[in-house]
Amino acid sequence: MHLVISPYSLCARDAAAMAGLLLADPALTFLPRSLETAPVSRERAIGSPGFRRVMESVAWTTPLLGAGVLATSVEGQDASEAFASARRRVYEDPGYTALRRFVGPRRAFDESEELERLASDLTRSGPDPSISVPLAGALDSFAARHGYAVVRVDGPSLAQKAERARERRLFACSVPVLVQAGPERLLETRRRLERELNGLRRACEDALDGLADEGAVREAAAAYSQAYDDHRHHIERAEDDPDDPMVRSAEAVLIGVAHERDHAMSSSLAAARRVTRGSGRTDESAGTLAARSLIVRLVGR
């Protein structure tokens, strides 16, 4: 199951990132180095105090990158071009006038200042819609182009409600996942449950592609859940190093959905228009549902 995971989730080490890295084969992410069309040099980015905070926030994924579970590009391509294009649309496209009310005027480009803004938003000192909305749009675009599904977090924001209103559900299942653990434990769990995880991945991927129904996903989810419970005492055992995070599992609902390719951008625009018009409704009709996402919702949250 090919999944795109947001860098916001990786920086926060949230349930969507943990579930995505357990389920994906492989996972893809994107860490932009600039808010402008051309990224700044790697050396300049690393020299930025803010961007070093980002690198520290995602350093826990290093073993996953080394194991080939997570990547930052496909065939040498990343989402830089899509990110730059999405930012231009937000600031220049007449159709995005309603959204510009929430992103503010475009600033004169200064490499150091822009890197700090970008880093602050990625590490959630923001949020800054002028960064988060086009970055989400870039991930959608890149995922659709390469046949990946985007891992999305369910939540109460107006934009997230707009996303849910514009999606068509393909399947839903409940499975246990690691929500707190070190990367080595994630890799071990992937190996320990390889057969059942592969079955669940195939069923989800087929359902996302329209080749299987929800029943096949639920059957695979039940087999995986049983295997997880059988090995739970190994999966959840305490780490040897007291500095490592406590290992914790939780039940998660996985919801596969179809939506338009420009899902994040169009949903944010729909939410902005609703606020502008003074209505809380976000049920504007969507276009062709040609792209796919996997929504992660923790049970009881």
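The values are calculated or read from the model by the stated rules, or taken from the named source; none is laboratory data. Treat the numbers as computed from the prediction; the structure is a model and nothing was measured. Here the Cβ positions follow ideal geometry from the backbone for every residue, glycine too, while neighbour counts run over all protein chains shown.
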Item to check | Close pairs (7 angstrom Cβ cut-off, 6 or more residues apart or separate chains): over 11 Å from ALA24 (Cβ atoms) in segment 197-209, assigned to a helix (DSSP H, G or I) and of a type in the set (Asp, Glu) anywhere | outcome: ALA207/GLU214
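Quick one: in segment 91-118, which of the residues that are part of a helix (DSSP H, G or I) and free of Cβ contacts under 8 Å to residues at least 60 places away in the same chain is nearest to the chain's Cα centre (by Cα)? Talk me through it step by step, then tell me what you get.
We begin by selecting, within segment 91-118, every residue part of a helix (DSSP H, G or I); these are 91-92, 94-103, 111-118.
Narrowing the set further to residues that are free of Cβ contacts under 8 Å to residues at least 60 places away in the same chain leaves 91-92, 94, 97, 100, 103, 113.
Numbers: TYR91: 24, GLU92: 26, PRO94: 28, THR97: 26, ARG100: 23, VAL103: 21, GLU113: 26 Å.
Restricting to residues being part of a helix (DSSP H, G or I) and free of Cβ contacts under 8 Å to residues at least 60 places away in the same chain, the top hit is VAL103.
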Checklist outcome for this item: Given (1) modelled with pLDDT under 95; (2) closer than 30 Å to ARG277 by Cβ; (3) surrounded by fewer than 20 Cβ atoms within 10 Å (Cβ to Cβ); (4) not hydroxyl-bearing (Ser, Thr, Tyr), GLU116 misses just (2)
Checklist outcome for this item: Flagged in segment 38-61 as surrounded by 12 or more Cβ atoms within 10 Å (Cβ to Cβ) and under 26 Å from ARG191 (Cα atoms), in numbering order, are SER57, VAL58, TRP60, THR61
Checklist outcome for this item: segment 187-244: helices (runs of 4 or more DSSP H) wholly inside it with 3 or more residues that are of a type in the set (A, V, I, L, M) are 194-208, 214-230
Next on the checklist: Looking at the structure I just gave you, is SER132 among the small types (Gly, Ala, Ser), surrounded by 15 or more Cβ atoms within 10 Å (Cβ to Cβ) and at pLDDT 90 or above?
Outcome noted: yes
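Do we find that ARG202 is of a type in the set (D, E, K, R) and either out of contact with any Ser or Thr (no Cβ under 8 Å at 6 or more places or on another chain) or modelled with pLDDT under 95 (or both) in this structure?
Yes.
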Checklist entry - Would it be correct to say that ARG87 is part of a helix (DSSP H, G or I), basic (Lys, Arg) and either under 15 Å from ILE5 (Cα atoms) or in contact with a Ser or Thr (Cβ under 8 Å, 6 or more places away or on another chain) (or both)? => result yes
Next on the checklist: Just to confirm my filter: which helices (runs of 4 or more DSSP H) fall fully inside segment 1-68 and include at least 1 residues that are closer than 21 Å to SER132 by Cα?
Outcome noted: 7-12, 15-23, 42-46, 49-58
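Residues are listed down the side, and each one gets a yes or a no for (1) in the same structural domain as PRO176 (by TED's automatic domain parsing); (2) surrounded by 14 or more Cβ atoms within 10 Å (Cβ to Cβ):
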site: THR189; (1), (2): yes, yes
site: ARG192; (1), (2): yes, yes
site: LEU200; (1), (2): yes, yes
site: TYR228; (1), (2): yes, yes
site: PRO242; (1), (2): yes, no
site: ALA252; (1), (2): yes, yes
site: MET265; (1), (2): no, yes
Checklist outcome for this item: Here the qualifying pairs (Cβ atoms under 8 Å; residues six or more apart or on different chains; first in segment 141-157 and closer than 16 Å to MET265 by Cα; second part of a loop (DSSP other than H, G, I, E, B) and acidic (Asp, Glu)) come out as SER141/ASP262; PHE142/ASP78; VAL153/ASP14
Next on the checklist: Residue pairs, Cβ under 8 Å, 6 or more apart or interchain, first in segment 13-32 and under 22 Å from GLY199 (Cβ atoms) and modelled with pLDDT under 95, second surrounded by fewer than 24 Cβ atoms within 10 Å (Cβ to Cβ) and of a type in the set (D, E, K, R). List them.
Outcome noted: ASP25/ARG201
Checklist entry - Can you name the residue in segment 257-288 that is assigned to a helix (DSSP H, G or I) and not hydrophobic (A, V, I, L, M, F, W, C) and is also modelled with the lowest pLDDT among such residues? => result ARG277
Checklist entry - Pick from VAL175, VAL150: which is closer than 20 Å to ASP14 by Cα, touching a strand residue (DSSP E or B) at 6+ places or on another chain (Cβ under 9 Å) and not assigned by TED's automatic domain parsing to the domain that holds GLY104? => result VAL175
